[in-house]
Amino acid sequence: MKIKLDEIVKSANSLKELLKVKFPVKISYRLTRIADKVSKELETFYKSKQDLLEKYGKEEEKDGKQFYSFEAEQAKLFTKELEDLLSLEVEIDFELIKLSEVGELDIEPALLISYIFTE
């Protein structure tokens, strides 16, 4: 399945919460396998993002916290490359989970990640 990195990044917290839900064991197993594959993509994304921060930003510290500051032109270049990165589609091999397989669980709609579940 092809998924944009943007979707993966936006759904990272929902996926963590989804793994806490008590699903039937087969669904939990499948979700865990999907989460493992997605987390590898997230790890690669955050490494690439860090590379961009180091390339265009200046690392600083204030009140014991690390952050990056940018000059105006560097900020534009950083934003453009980050948007290009987020627009990439990655291939992750897994089967969608049918909602009918989940059963009668009380799940928040925000946790029903569109690239994982189908009707």
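Computed from the coordinates by the stated procedures, all read-outs in this text should not be read as laboratory data. Predicted model, so just to flag it, every value in this text is computed and none were measured. Neighbour counts are summed over all protein chains in view; Cβ atoms, including those assigned to glycine, are modelled from backbone coordinates with ideal geometry.
For the chain, with only Lys/Arg (+1) and Asp/Glu (-1) charged at the beta-carbon, what is the dipole magnitude about the Cα centre, in debye rounded to 20? Each step should come with its number before you reach the end.
On the way: 20 positive and 26 negative charges, 71 e Å.
Computed about the Cα centre, the dipole is about 340 debye.
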Given backbone amide H placed at 1.01 Å from N, residues whose amide H is under 5 Å from that of Thr118, ignoring those fewer than 5 places away on the same chain, are Ile97, Lys98, Leu99
Between (1) 10.0; (2) 9.1; (3) 12.2, the structure-derived mean projected area of the Cα convex hull in nm² is (2)
Sorting Asn13, Ser28, Gln74 by the position of each Cα along the dipole of the chain (Lys, Arg +1; Asp, Glu -1; all at Cβ), the one nearest the positive end of that ordering is Ser28
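Relative contact order (percent) for the chain, with alpha-carbon contacts under 8 angstrom and 6 or more residues of separation?
This gives 41 percent for the chain.
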Sorted by chain and then number, the residues having a modelled amide H within less than 5 Å of the amide H of Lys4, at least 5 places away or on another chain, are Val90
Each label sits 7 Å from Cα toward the beta-carbon; between Lys98 and Lys58 the label points are separated, in nm, by 5.9
Length gained, Ile107-Gln66, 0.36 nm per residue minus C-alpha separation, equals 11.1 nm
